[in-house]
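Comments concern the structure below.
The values are calculated or read from the model by the stated rules, or taken from the named source; none is laboratory data. Note that the coordinates shown come from a computational prediction; the quantities given were computed from them, not determined experimentally. When we count neighbours, we look across all protein chains shown, and the Cβ atoms used for this are built from the backbone with ideal geometry, even at glycine. When the accessible area is computed, the model is the full protein with side chains, heavy atoms only, and any ligands, DNA or RNA have been set aside. Shrake-Rupley method; radii C 1.70, N 1.55, O 1.52, S 1.80 Å.
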Amino acid sequence: MLDFEGQNVIVTGGTRGIGAAISAAFLGRGAHVVATYRGDQSAAQAFLASRSVAEQARLRLAEFEVQDAAAVEAFFGDLEAPPQVVVNNAGIRKDAIVGMMSHDDWRKVLAVNLEGTFLVSKMAVKAMSRQRYGRIVNIVSPSAWMGFTGQANYAASKAGQIAMAKVLSKEVATRNITVNCIAPGFVDTDLLKDLLEDDKKRFVSMVPLGRFARAEEIAHAVLFVASKEASYVTGTTLEVTGGI
């Protein structure tokens, strides 16, 4: 079960937080992984150094911006082998209430989170169609339907990813390609470490299971929808939220 031996996996934003956990999970299951990142070379190198020698041999780092169409096309053109799995995890947040949100912050979040997913998925579909097999997974958020205050840009981008996955899953179904979304809730990563203690307590109180998720728990869900065993799961969003 959930064996990725010999498969080629791309994880965008794959060297920090949830992305690093996803990359590590695939490496642990025997996959060859390309983990992409933008700008933070120290975190990328730290992730590489954290892996075993055997895993390092199956891990490649790639730096580019997912919202740059030319860079995405060049990245796929340089791949030694087509991917069987692509995880659209790269994303940013620039929170502000709508009345105070800058146009630039609106556009940047939509560009990275939504346009980046479109560009990477487009190239992935081309590669996967030739081999008539593939798994595309978008990392989204409950913000898409819960509408957390201050996240109009982020929520819109995540809702767009879900809608895109629903459409794309229908377009590529006959080629044995599935497209699904994983929606993590509150996850114990660097993004939450700067929260005030009172805010942490308030967010934990929202979760029926009474705690934040570990990044590895999100990765386990990704492994399932990306597996051969999940061959009849497509066009859906799996919530990994602790019940919120």
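Data overview
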quantity: Filter result (polar (S, T, N, Q) and either under 23 Å from the mean Cα position of the chain (by Cα) or on the phi > 0 side of the Ramachandran plot (or both)) within segment 174-211; calculated: Asn176, Thr178, Asn180, Thr189
quantity: Near pairs, Cβ below 8 angstrom, 6+ apart or cross-chain, from segment 188-206 (over 18 Å from Val240 (Cα atoms)) to any residue that is open to solvent by 70 Å² or more (accessible area, probe 1.4 Å); calculated: Asp190/Arg16
quantity: Some residue of segment 153-174 being of a type outside the set (D, E, K, R) and in a loop (DSSP other than H, G, I, E, B); calculated: no
quantity: Segment 83-110, residues that are open to solvent by 20 Å² or more (accessible area, probe 1.4 Å) and outside any loop (DSSP other than H, G, I, E, B); calculated: Ala96, Val98, Gly99, Met100, His103, Asp104, Asp105, Trp106, Arg107, Lys108, Leu110
